[in-house]
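The values are calculated or read from the model by the stated rules, or taken from the named source; none is laboratory data. From a predicted model like this one, the values you see are computed outputs, not experimental measurements. When we count neighbours, we look across all protein chains shown, and the Cβ atoms used for this are built from the backbone with ideal geometry, even at glycine. Accessible surface areas use protein heavy atoms only, side chains included; no ligands, DNA or RNA. Shrake-Rupley method; radii C 1.70, N 1.55, O 1.52, S 1.80 Å.
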Amino acid sequence: MKKRNYNIQAISAIFVISTPHVAIAQTDGEADKCDISDHITYMYEAQTSASSGKTPLWLNANKYGLSSLDEANGYVRVAMEKPLLTDSAHALGLGYGFDVALLGNYTSTVAIQQAFVEGRWLHGVLTVGSKYYPMELKNSQLSSGSQTLGINARPIPQVRLALPDYWTLPFAGRLFHIKGHIAYGKMTDDNWQHSFTGRTSKYSDDVLYHSKAGYIMVGKPEQPRSLTLEVGLEMATQFGGTNHEFINGTETIVKGNTGIGGFFKVLFPGGSDSPYQGTVYESVEGNTVGSWVGRLTYNHDTWSLAAYIDKFFEDHSAMFLLDYDGYGTGDEWNVKKDNKYLLYDFGDCLVGLELKLKNCTLLRGVVAEYITTKYQSGSIYHDRTESNQVHIGGKDNYYNHHIYPGWQHWGMVMGNPLYRSPIYNDDGQVNCQNNRFTAYHLGFNGSVTPCVDYRVLATYQEGWGTYNFPFNKKRTNTSVMVEAVYNHRHDWMITTALGMDTGRLIGNNFGLQLTFRKTGLWGKKKTE
C-alpha cells in the first residue's frame, strides 16, 4: 500500500463500545450460574495430502492457515471446546477451547490454531486468545473469501470485545439490528519471516494487530417471508513492531509506535509512520486495510436469494472515492483554500449471489462471485510539491505496504486467497505479487445420500501482477475442487477431496486430500 492520508475520525468505533442492557432468558432462578464442565466437545482429526506440483488452491485455501503447498504434507490434530452457547439461558456465560496440530511439511512443526477463554454478560462477549472467526455476510464453505477479515491465515492471538450476534434495537418497530467488534492482538510469524527472507529482504518483528467492524441489519429476518438489508464496515491495521527494510543491500530499521498513543491512533486512524513524521507527506500510522460490505436477502418459505458486495480499500481514494484537491499556489501550496475534490471510479469490488434451497437435498446452496481488483485508484501516484501541486492517489497496491510485510500471516494472505499469498514466492520476498486480477468463482454443495455430502468449487482468474511489477503478459489460472464427505452415525467423518490448478499464476497442480475426523461430547450433559 502506498502512503495515504485518512481523515475518518470516529468511523471506526461502530456499535460495539457498550453492551446492551437487555433481558436474557432465565431458567429456574439460575440465570447467574454457568457450569464450566457442561457440554465439552472434543475433536480428533488427521489429514494427508499428496500432489503433483504444489497443493492445489482449494485444498489449502480458506482453512485458517492450516495448509501447506508441499507435494506431500499432513497433520494430526486434537481440539476441545466448551461453547458459550451452552450458557445461552444465563445472564453470564463462560467458554473456552484448545486446538493444536502436529504438522508435517508445513511452515512449522506445531500449530496452536485455537487457545482461548471467553466470557459473556448479557449480549457482550470478551474473548482472550486465538479463535476461529467465520466470515461475515458470506458463505464460508462456498465463497472465494472476504477481502479484509478472511479465513485464509492462522488466527492472531487477541483481546476481542464483541457484540457477536445481531441485537435488535428496541424502537422503530424493532426493524434495526446491530453487531460488531473491536480487537487488539499480536502476530506470531516472526520466525517464519526470518526463515523465508533469510533476513535479507523486508521483514517485521513483534507486529501488533487491530481490527474493528460494525454491521447494521434492517428488516425482520424472523418472519417466514422477509427482505433484509445488511451493511457494514470492516477495518484492520498492522502497527508497532520493528520493521527491517533493505535498500541496495543496506538495512534500515524502523520502529513502530507501541505506546498508548499508537493503540489510540489505529482505533481512530491518524498519526503517521515513523519515516514520515513531521513531513508534508505524513501517512496514517500502520498498514490499514478495510472493506465496505453489504448484503440484500430475500427469504422465502422454501428458498432464499441474496446479493452481496465487498468493496476493499487501502487508501482514502478507494475508501471514499474522493481526494481533496483544493490547495493553494505559491507560498500557499500546502494550505487548503477551496472546496475541490478529485472523484475516482468505483473500480474494484467483489460481488456475489447466493441461492439456498431449503427443501432440496441434492442441491442445497449455490454461490456465484465476480471479483475485480485491477483499478486500485489508477496507475499513477503523485504527491503534490511546491512546484507541482497536482496530487493523484493511485497505485493503492492492495495487500502490500511500504514498511510492513503486507496483509499476510505465516505467508498466507489474511483476506481473499485469490490474491497470491507470499508463500508462493520463490524469491524470499514477503509480498503479494499478483494483486491486480479479475476472477469468476462458483461454489455449490448438497447431499447425494443421507450419509454423503459433497462440495464443488471452481474459479477462473486472470492476473496482471502489480502496478510496480507487472507481468510481461496476462496470466490465467483455473482452480477446481470436488469434495465428498461420508458421515458415519458414530460421529466419524471421512472427507476425500480432489483438486486441480492449471495456468501460470500458481502453476499446474493436481492433488488428493484425505481427512479423518472424530467428534464427541465430554463431561456431563444437563437434562431438560
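Farthest towards the positive end of the charge dipole of the chain, among the residues GLY198, TYR424, PHE510, is the Cα of PHE510, using unit charges on the Cβ of Lys, Arg, Asp and Glu.
Listed options for Cα Rg over 2.2 N^0.38 Å are (i) 1.18; (ii) 1.24; (iii) 1.00. The value calculated from this structure is the one marked (iii).
Pairs from the list LYS131/LYS212; LYS395/LYS473; LYS311/LYS358; LYS131/LYS358 with a Cα-Cα gap above 23 Å: LYS311/LYS358; LYS131/LYS358. Our helix-only sum for the chain, with -39,500 (n - 2.57) per DSSP H run of n ≥ 4 divided by its residues, gives a mean residue ellipticity at 222 nm of -1000 deg cm²/dmol.
On segment 177-236, 55 percent of the accessible area sits on carbon and sulfur atoms, based on a 1.4 Å probe. If the cut-off is 14 Å between C-alpha atoms, which aspartates and glutamates fall inside it for LYS54, apart from same-chain ones fewer than 8 positions away? Output for LYS54: ASP70, GLU71, ASP426, ASP501.
Peptides 151-162, 466-477 ordered by packing proxy, namely the average of other Cβ atoms within 10 Å per residue, highest first: 151-162, 466-477. Rounded to the nearest 20 debye, the dipole size of the chain about its Cα centre is 820 debye, using +1 on the Cβ of Lys and Arg and -1 on the Cβ of Asp and Glu.
Calculated accessible area for the chain comes out at 44 Å² per residue, all protein chains present (probe 1.4 Å; ligands, DNA, RNA ignored). Here the peptides 302-311, 366-375 are ranked by packing, the mean other Cβ count within 10 Å, and the order with the highest first is 366-375, 302-311. Once all protein chains are placed together, TYR44 keeps about 100 Å² accessible to a 1.4 angstrom probe.
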